[in-house]
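Here is the structure we will look at, set down as structure tokens.
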Amino acid sequence: LNISPEYLSREFDLMAETLSSTDSIKTLKFLQKKNPGDFVFPVSFGTSKASISIDRKATIQLGVLKKLSHNIGTTKLNGKIPKKFCPFEQVQCPTGSRYRSIDGSCNNLDQTWFGMANSPYRRMLPPDYDDNFDSPRTKAANGGSLPNPRTIAINVHEPNFTTSSTNNLFLFFGQALDHDVTSIASALNINGFPISCTCDSKNPICFNIPVPEEDFSNRDQKCFNFPRSAASIASFDCELGHREQLNTVTHFIDLSYLYGSDIQNALSTRAFVRGFLLAVRIPGVKHEFLPFRRNPFCHRMGPTDRCFVTGDARSESNSFLTAIHTVFLRQHNLIAIKLSKVNPKWNDEQLFQETRKIMISINQHIIYNQWIPVLIGREIYEKYQLEPFSNAFFMGYDKTQDPGLFNEMATAVLRFGHTLIKHQMHKAHTNYSLFEKSTTDQFLFASPKYFKDGIETQENYMRGLIAEDCYIPSPAVNPVLNHNLFEGFVGGGTHRFSLPALNIQRGRDHGLPSYNKYRSICGLKKAEFFDQFTNIKPEFLRRIRKVYNHPDDVDLWVGAVSEIPVKGGIIGETFACIFAEQFKRLKIGDRFYYENGQDPSIGFKFEQLKEIKKFSIERLICNTVNIDKVQKNAFFVPHNIFNPLKSCDNISDMDLEKWKEF
Ligand code: HEM
Ligand SMILES: [Ca+2]
């Protein structure tokens, strides 16, 4: 049904007025109450000024849709959101820039917003909201309710402690990559406060998970607090549409976790001398450290503690991830020093931008050349043509391809990692022997410890990453993540979370269709009966059948992490297919993709590209960690025969002389 612009304009104004009056009352109550028993969801990282304003306009749109669909009896309404309520505008692009913008805009010169920060996710399949456009997916095939996510967490994701040959570097490099491409905006109230979803809250933004009878670990709390993700308008041209979610970081693989996704953050990471990023130097110590800032915005810290400045607020969520940030910071400054020697006339800005470009390129090279084949196996890797060329430019950039991240990636696929995280992890000495175990809760938000334990500790974490294995792929999730997540973190209370339950609830919050639907677009058969989930091991299928009534009910993350991994890979066929499609788009839809040779003014010279391709994860480790040997493939634990240690002297590096300007 087509709705006239005049009618829509009136309805939007009315809805804005209604919402602002109820919102301000709620906010006032929130401020007056300040009840110490209230607690705030601890994971509200994905926020930005832009996300608050987009959320607001999207909420007004959803209110209008709800009212109209109620009055008219259909949700299939066509019309344009009035200009005043459309949060997106064409960006004015500078002409001929050789470098990526910080917020990702103007990568695509026709569709300037493709992949930029604070823009909506895309979807592989249309959403499956209960009311078709906004309310979470909660209905089961038999007309009843889907099983409680926490019941699923307890029964399907119960811990198992078997380790694999891939290591923690593979895993946490994956988390860093996730943080590069996605950060779901959390819903905030109009004053920018995180929303406090107490168990009895009637706020429609609260989608709390009740604690089921069988949850022995959490009997003392009534619910798991769960605010929905912020809303976004689904399309840039502001057609009326379903609730979409908002990515607050650049969708491109552009090291936004190192350089920031907005200008203010970006400026705060720079030293403004010789192209350097801000870093701490300690006299007599070879390597640099992350720059620090003081409270009050550090998580879980005392008044004298310090935490770090980085391009992404989640960099401190665990010490192993912080170690990866440190490695990239060091490599940036190493390149900047060399470039300044090669081109002594370049100023800070030139040095910074070219170093950033090289860094993003070596990171893309490691991802496409080394990390992806381990994740999805060679067969799918080759089928989707993700492998870099050995000796040629890539000429396949296609400006019609939208590289934007699929909601499925943020809400399910990239969360495969949650099943691989060991309950206890270690640091390692230079000879790779592991020592000092820490349990999951000890390395979460542990920056003060990371900092205080002294400089050698940081090297020990980095060596721990390469020396220690992670778990094998399976639906099992370690007991701290599954049963006691963030225990004691929030206001000193006993509130705990369950990571599998959060993943499942987030999928429903975003209206992700069921696992079964994705099977059918990924070349597997859509199952009529549970037995037709033939790529799920019987022991896991038994668990799934115990909690779900129908194959169409199974949540995407749950079904897909239960699949047998693809040959030579870590994830199953369904995740591998969504992943490969996404990373193909991130390659051919990124004008600055490092191999792109279509436009010499932004691409590397051929001899420079050859140098980039000499770089590897092993070289990165050799350059930035106190170590003189590293295993042949640094994403696997060392092995005397299959993955022996190799001297760093025999691992190639880039020759930056190829950047000399005459
Ligand atoms: C120490 C370990 C980790 C903890 C405690 C942790 C915890 C969390 C939490 C609480 C969320 C938000 C859940 C929600 O409300 O929707 C989340 C999101 C996510 N996690 Fe993890 N995680 C960890 C490691 C990892 C690893 C190793 C990976 C992947 C290899 C990963 C991938 C993701 C992704 C992709 C998201 C969604 C991010 C977004 O788009 O906003 N996480 N994690
Ligand atoms: Ca990015």
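The values are calculated or read from the model by the stated rules, or taken from the named source; none is laboratory data. The shown structure was predicted, so the numbers you read here are calculated from the model rather than taken from an experiment. Don't worry about glycine lacking a Cβ; one is built from the backbone with ideal geometry, like all the others, and counts go over all protein chains shown. Just so you know, the surface numbers come from the protein's heavy atoms only, side chains and all, with ligands and any DNA or RNA stripped out. Shrake-Rupley method; radii C 1.70, N 1.55, O 1.52, S 1.80 Å.
Only Cα pairs under 8 Å and 6+ residues apart enter the sum, and on that basis the relative contact order of the range 568-662 stands at 20 percent.
Roughly what % of DSSP beta bridges within the chain run antiparallel, to the nearest 5? Write out the running numbers ahead of the final one.
Values: 31 of 34 bridges.
Restricted to the chain, the bridges split so that about 90 percent are antiparallel.
The distance linking the range 98-162 with the range 643-662 is 40 Å (Cα centroid to Cα centroid, whole angstrom).
Relative to a virtual label point 7 Å from the Cα of Leu14 in the Cα→beta-carbon direction, which members of the range 61-76 show backbone nitrogen distances below 17 Å? 61-74, by backbone N distance to the label point.
When Rg and the Kirkwood Rh are both derived from Cα coordinates, the Rg/Rh ratio for the chain amounts to 0.95.
Only one residue of Ala140, Ser119, Leu68 has its Cα farthest out toward the positive end of the dipole of the range 44-167, where Lys and Arg carry +1 and Asp and Glu -1 on Cβ, and that residue is Leu68. Probing with 1.4 Å while keeping every protein chain in the model, the per residue accessible area of the range 212-293 equals 39 Å². Each label was represented as a point 7 Å from its Cα along the Cα-to-Cβ direction; for Asn650 and Gln264 these points are 5.2 nm apart. Straight-line reach from Lys526: taking Cα to Cα under 16 Å and skipping same-chain neighbours fewer than 8 places apart, the lysines in range are Lys517. Relative to the longest principal axis of the Cα atoms of the chain, the long axis of helix 499-509 lies at roughly 60 degrees. Per-residue extension of 0.36 nm, minus the Cα-Cα distance of Glu456 and Ser520, leaves a gain of 18.0 nm for this segment.
Rounded to 0.05, the FRET efficiency of the Lys658 and Ser145 pair, given R0 = 45 Å and the Cβ-Cβ distance, is 0.15.
The angle separating the long axis of helix 538-547 from the principal Cα axis of greatest extent in the chain is about 30 degrees.
Using only C-alpha atoms and all pairs of different ones, pull out the Kirkwood radius for the range 179-258 in Å with one decimal. Walk me through the numbers on the way to the answer.
Numbers: mean 1/r = 0.0660 Å⁻¹.
The answer is 15.2 Å.
Each of Lys605 and Thr430 was given a label point 7 Å from its Cα along the Cα-to-Cβ line. The distance between the two points is 3.9 nm.
Going through the cross-link list Lys584/Lys646; Lys139/Lys537; Lys437/Lys587; Lys537/Lys629, which pairs have a Cα-Cα distance over 28 Å in this structure? Numbers along the way, then the final one.
Details: Lys584/Lys646 32 Å; Lys139/Lys537 26 Å; Lys437/Lys587 39 Å; Lys537/Lys629 39 Å.
Distance filter (> 28 Å) returns Lys584/Lys646; Lys437/Lys587; Lys537/Lys629.
Straight Cα distances below 19 angstrom link Lys49 to the lysines Lys57, Lys84, with same-chain residues fewer than 8 positions distant left out.
Compute the distance from the alpha-carbon center of the range 253-277 to that of the range 203-221, in whole Å. Taking the Cα centre of the range 203-221 as reference, the centre of the range 253-277 is 40 Å away.
Straight-line cross-link reach from Lys80 at under 15 Å between alpha-carbon atoms covers these aspartates and glutamates, not counting any fewer than eight positions away in the same chain: Glu6, Glu11, Asp13, Glu89, Asp237, Glu239. For the range 493-547, the Cα-based Rg and Dmax, in that order, read 14.3, 47 Å.
Just to confirm the filter: which GluC sites (Glu not before Pro) across the range 469-541 are DSSP coil and have at most 15 other Cβ within 10 angstrom of their Cβ? Walk me through the numbers before you get to the answer.
Working: sites: Glu487, Glu528, Glu539; in loops: Glu487, Glu528.
The qualifying sites are Glu528.
Only protein atoms count toward the accessible area here, which uses a 1.4 Å probe; on the chain, the carbon and sulfur part of that area reaches 54 percent.
Please give the charge dipole size of the chain, origin at the Cα centre, charges +1 on K and R Cβ atoms and -1 on D and E Cβ atoms. Round to the nearest 20 debye.
Details: 78 positive and 70 negative charges, 118 e Å.
Dipole of the chain, to the nearest 20 debye: 560 debye.
The base-10 log of I(q)/I(0) for the range 365-472, evaluated at q = 0.23 Å⁻¹, reads -1.29 [Debye formula, identical scatterers on Cα atoms, solvent excluded].
Relative to the current alpha-carbon distance between Phe389 and Asn71, full extension at 0.36 nm per residue lengthens the span by 108.8 nm. Stretching Thr400 away from Glu6 to a fully extended chain increases their span by 138.5 nm, per 0.36 nm per residue minus the current alpha-carbon distance. Packing order of peptides 246-259, 277-290, highest average first: 246-259, 277-290 (average count of other Cβ atoms within 10 Å over each peptide's residues). Heavy atoms of the protein chains alone define the surface here; on that basis the range 57-160 has 46 Å² accessible area per residue at 1.4 Å probe size. For the chain, the longest principal axis of the C-alpha atoms and the axis of helix 319-342 are separated by about 50°.
In this label model, Lys202 and Glu379 are separated by 5.5 nm, measuring between points 7 Å along each Cα→Cβ vector.
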